[in-house]
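The values are calculated or read from the model by the stated rules, or taken from the named source; none is laboratory data. Since the model is a prediction, treat every value here as computed from it, not as a measurement. Every residue, glycine as well, gets a Cβ built from its backbone with ideal geometry; the counts of neighbours run over all protein chains shown.
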Amino acid sequence: MIFAIEEINNSTELLPGIKLGYRLFDSCVSVPVSVHVAFQLANGQDPVVYVGDNCSQSGVVVAAVGDSGSTPSISMSRIMGPFNIPLVSHFATCACLSDKQQFPTFFRTIPSDHYQADALAKLVKHFGWTWIGAVHSDSDYGNNGMASFLEAALREGICVEYIESFFRTNQQSKIRRVADVIRRSTAVVVVAFTASGDMKVLLEELARDPPPPCQWIGSESWVTDPLLMRFSFCAGAIGVAIQKSVIPGLRDFLLDLSPSNVAASPLLTEFWEDAFNCSLTTNLKTLKNPYTETSQLRVTNMIYKAVYAIGHAIHNAVSQKKMTSIPYDDHVRMEPKQVFIELKKVNFSKNGYHVSFDANGDPVAFYELVNWQKSESGVIELVTVGYYDASLPKGQEFHINRNLTWLEGRKEVPVSVCSESCPPGTRKVLQKGKPICCYDCIPCPEGEISNMTDSLECFPCPREFWPNANRDACFPKPVEFLSYGEVLSIILAAFSVSGAFLAIITALIFFHHRTTPIVRANNSELSFLLLFSLTLCFLCSLTFIGAPSEWSCMLRHTAFGITFVLCISCVLGKTIVVLMAFKATLPGSNAMKWFGPPQQRMTVVVLTLIQVLICIIWLVVSPPFPVKNLTTYKEKIILECALGSAVGFWAVLGYIGLLAVFCFVLAVLARKLPDNFNEAKMITFSMLIFCAVWITFIPAYVSSPGKFTVAVEIFAILASSFGLILCIFAPKCFIILFQPEKNTKKIFEKQLMVNYLKNSSKITEEVYYQLNS
């Protein structure tokens, strides 16, 4: 302060012709002493600044620099404020002092703790620490600073395991209790918002029984104190610090101290004897201690700025007074209020550092980020590793430009969390009764994902998407349908083609032996038409395989319905023919003329046209169409054919079932007719199989999921088709190919006679068996 005042007094630009006087007080960080000093400073008598060399008449104080503590500064500002005496502090950082309603005349050259707290919170968040401990001085500096930090930490999502306050004058038991809390804590990181003297007391207590390795985060008050760096268990500590600077000429000023000047001051005598081991003869320039170290000035520069800010304010006030005063007047009346008004407007740069105050009397906040690093010799050194600049855009204030050393000299960042981060695919669920940083990681429920670490919620995938196995991403659901590439489809297709090929082979056999009695006697025209319809029945099952489309959906159901009606119509015609032929009780009966070939053809055509009409109405009103089934399975999409009109579908099936039942009844009535070539028994069996297949098809069709619904339908078509061709045509083909001796006119005529005699009431059972043998 003295150096700065002498610089101003020797300046030809700042306050030329005016000498600044000063008084120095030591408040001893004591509020009562600070209050006493404040009253002394406020009791000036003569508000006159003399231009001449004699300034002893100027008793008024127009501004004050101090105090270094927040609590004394609060007391002093409350006393000096009503007198409009500006107080410019170099080290009082409590954010409460920015309140201009309570402290209208308070200014400071050091940033408010509001910014320091924000910087510390961002520092903790930057390294991923969410579980910390907190200790602070039980003073305005510590209490308000910690309150600001906790508010900033809450915004950053940081949880605090414990908060302990203490003061250096507390009983040792209180200090020991705080130390024990730190020792028992699960939090690795400890944020200390304490004054340097308080921190010294705490570290001395911790040194008695060092705690597990802790990562200390320090406020500017203690983290740059070289006297605290002797505590080796704090190596790796990081924190914010006032920007270091160099004040040109200060070192020479400090070294220009003679033993005679020292002997005249009790304070300097004590300093000298401590520095030189009670010797007053050693050259001060050979001394190496914090007194002569001027390359790391931090708080010192804040005092330098404060003095120059007051100097500029007085200069501006004097300049305005001179403009309004009588020329050649040797004195100017100066009141503290005028300096106060001009202090708010101060805006200058000195030694590369800008000085100005905002509306709250605060400077632009700029901090260095410092780290306690051990040198090769094992000594802890203070290393600048980054900075925090509040003037930069939000999110860009914090920068680290150098590697850090952590607790115990580690190179990797320590971990301090209550719970490990929840990976993608899980969500956080808070543990009951614990802070928000303590949680369990619960896997996302079915159909939902989380693609971020520490996600609070899982969100569902879109309808056509499904989570992967880790439930951290949505992928398109696999589309399922009965494709030709599947084994099941290949098997069904093979049976379908085999059945069609079997029907064609049977038709060729019948055509080749068309003149034989067994073919002629079994209504060859209806047999060929039946074989043709069976071929279509086998082949129509192929339309059910493959991806559904609008045409395939309409084709598969209508082709199936029409071909099966054609098939059943032919079987029904053959059944009626058999029943008519063998129920005639007298030779030469003309009953067959009512159901000859024209009537048979007409029956088949009419019955088939009815089904065609039903299908046309179905297709016109509400035809089948392809649809994506998203409900049967959550994890995949089923491509299938929607029925359109369910009434139409069941009408088609119902009509087929009606004809099948009617055919089955007629076949049962003719099942006991004794004829080696009689089809009645085989038709009965075929209809029995047909009805059984389609009766079991209905519940199987309704309950089968996905592509198996189509497989069940194909199986029903193939099973009923194979039942018809095997029951009706297999016995005939067997006789034609392997028992040709039975396929003669003589055997056929004998059978007719036996049939006639068996149906005659005049024949005895013995005669029947003799003729039949």
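The table for this structure:
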read-out	value
Subset of the range 140-183 [in contact (Cβ under 8 Å) with a residue 40 or more places away in the chain, in contact with an Asp or Glu (Cβ under 8 Å, 6 or more places away or on another chain) and either of a type in the set (Gly, Ala, Ser) or at positive phi (or both)]	Gly142, Gly145, Ser148
Boolean, Thr282 is under 29 Å from Trp372 (Cα atoms) and modelled with pLDDT under 75	no
Residue within the range 478-490 that is part of a helix (DSSP H, G or I) and of a type in the set (Gly, Ala, Ser) present	yes
Segments classed as strands (runs of 3 or more DSSP E), wholly inside the range 369-438, with at least 3 members that are on the phi < 0 side of the Ramachandran plot and among the β-branched types (Val, Ile, Thr)	380-389
Qualifying positions in the range 250-264 - over 58 Å from the mean Cα position of the chain (by Cα) and not hydrophobic (A, V, I, L, M, F, W, C)	Asp252, Asp256, Ser258, Pro259, Ser260, Asn261
Those residues of the range 425-437 which are of a type outside the set (D, E, K, R) and surrounded by fewer than 18 Cβ atoms within 10 Å (Cβ to Cβ), in sequence order	Val429, Leu430, Gln431, Gly433, Pro435, Ile436
Test: residue in the range 154-168 that is more than 28 Å from Ala365 (Cβ to Cβ), of a type outside the set (Ser, Thr, Tyr) and outside any strand (DSSP E or B)	no
Number of positions in the range 189-211 that are of a type in the set (A, V, I, L, M, F, W, C) and farther than 21 Å from Ala147 by Cα	4
Residues satisfying the stated conditions in the range 78-106, i.e. under 13 Å from Gly361 (Cα atoms) and of a type in the set (S, T, N, Q)	Ser89, Thr93, Ser98, Gln101, Gln102, Thr105
Single match in Leu536, Leu529 (criterion: in the same structural domain as Asn629 (by TED's automatic domain parsing), in contact with a Cys (Cβ under 9 Å, 6 or more places away or on another chain) and surrounded by 20 or more Cβ atoms within 10 Å (Cβ to Cβ))	Leu529
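A quick yes/no check of all residues on (1) among the small types (Gly, Ala, Ser); (2) part of a loop (DSSP other than H, G, I, E, B); (3) under 30 Å from Ile132 (Cβ atoms):
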{"site": "Leu203", "(1), (2), (3)": "no, no, yes"}
{"site": "Leu206", "(1), (2), (3)": "no, no, yes"}
{"site": "Gly236", "(1), (2), (3)": "yes, yes, yes"}
{"site": "Asp252", "(1), (2), (3)": "no, no, no"}
{"site": "Leu257", "(1), (2), (3)": "no, yes, no"}
{"site": "Ser260", "(1), (2), (3)": "yes, no, no"}
{"site": "Glu273", "(1), (2), (3)": "no, no, no"}
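Yes/no matrix, rows are residues, columns are (1) touching a residue at least 40 places away in the same chain (Cβ under 8 Å); (2) within 30 Å of Ile110 (Cβ to Cβ); (3) within 21 Å of the chain's Cα centre (by Cα):
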{"position": "Pro393", "(1), (2), (3)": "no, yes, no"}
{"position": "Trp406", "(1), (2), (3)": "yes, yes, no"}
{"position": "Gly409", "(1), (2), (3)": "yes, no, no"}
{"position": "Val415", "(1), (2), (3)": "yes, no, no"}
{"position": "Cys438", "(1), (2), (3)": "yes, no, yes"}
